[in-house]
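The values are calculated or read from the model by the stated rules, or taken from the named source; none is laboratory data. This is a predicted model, so every value here is computed, not measured. Cβ placement follows ideal geometry from the backbone for every residue including glycine, while neighbour counts extend to all protein chains displayed.
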Amino acid sequence: MPSVEKLLHFLSSSIICAAGVCILGYGMSADWASAEMSCAPSKNEAFNGSSSLEIGLFNGTENKINCPRISKLGEIVPVFDRLGKEAGAPVILHALVVILLALALVGSLGSILVSLYNSFSNPYQTYMGPIGVYTCSGLSVCVASLALILYVANTYAGQMFETLVRAGGAPNVVLKDVKINLKVGFFLLIPYICFNMISILMVFLYVHAAYTRRKEQEKPTEDAPKEIMMY
């Protein structure tokens, strides 16, 4: 039967990791970014229109005013459908972000299961032991961090919002003064990453304490005089 200390450490690790899963799950359903921009029908015409979008990972809304010559308020934006019309980096990067977040959730679920298993049993030091928690939570941290970087790159450098506007029935529109704001869904990746790192820390602290105790128990034998050891 595992000790109370081990139970508390591994159970705390699983609870913290589960909280991270809830945060990421909510974040994936929330809005990730918004943008406002001016638009003109062509290069030789005035910028007398505007478009504003607010999007999540899968859907969003757009408000068009004379962009290019029509106005629509509250238009639904299916993100993947629109990005897919303009094949290129934006749709590829966005798909990678979603895939990486799905992998992060799988890693977190694996970490929860391994932590719970270690809370009530004493497996050998294999992938079902502490190394399983390190691997699963470490994977979640890495892929979630990469997803965060890719989303920023796609939003600012990949011109994702410009692609969404042009794919919404205005392929020749000219856009400028794009102002982008990242929203709550994006920022929830940060506490999710922190929670997974804390879950790793909880298990590491127990393993380190157990290793220290074991070394202290071996010291009397190692330090004993050779004459005593002979008997």
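Figures for the structure shown
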read-out	value
Residues within the range 182-207 that are modelled with pLDDT of 90 or more and more than 18 Å from the chain's Cα centre (by Cα), tallied	1
Neighbours by Cβ (under 7 Å, 6+ apart or cross-chain): first from the range 61-83, in contact (Cβ under 8 Å) with a residue 40 or more places away in the chain; second among the aliphatic types (A, V, I, L, M) and in a strand (DSSP E or B)	62/53; 62/77; 77/53; 77/55; 79/55
Any hit, the range 15-37, residues being without any contact (Cβ under 8 Å) to a residue 60 or more places away in the chain, of a type outside the set (Phe, Trp, Tyr) and more than 30 Å from residue 202 (Cβ to Cβ)	no
From 115, 119, 137, residue being buried (at least 22 other Cβ atoms within 10 Å of the Cβ), at pLDDT below 90 and in contact with a helix residue (DSSP H, G or I) (Cβ under 8 Å, 6 or more places away or on another chain)	115
Test: residue in the range 141-159 that is buried (at least 16 other Cβ atoms within 10 Å of the Cβ), at pLDDT below 90, farther than 17 Å from residue 200 by Cβ and not polar (S, T, N, Q)	yes
Filtered residue count, the range 141-162, keeping only those that are among the small types (Gly, Ala, Ser), closer than 20 Å to residue 51 by Cβ and not in a loop (DSSP other than H, G, I, E, B)	1
Qualifying positions in the range 73-92 - surrounded by 14 or more Cβ atoms within 10 Å (Cβ to Cβ) and either touching an Asp or Glu at 6+ places or on another chain (Cβ under 7 Å) or more than 22 Å from residue 154 (Cβ to Cβ) (or both)	75, 77
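Condition check ((1) of a type in the set (A, V, I, L, M); (2) within 13 Å of residue 14 (Cα to Cα)) across all residues:
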site	(1), (2)
115	no, yes
121	no, no
160	yes, no
168	no, no
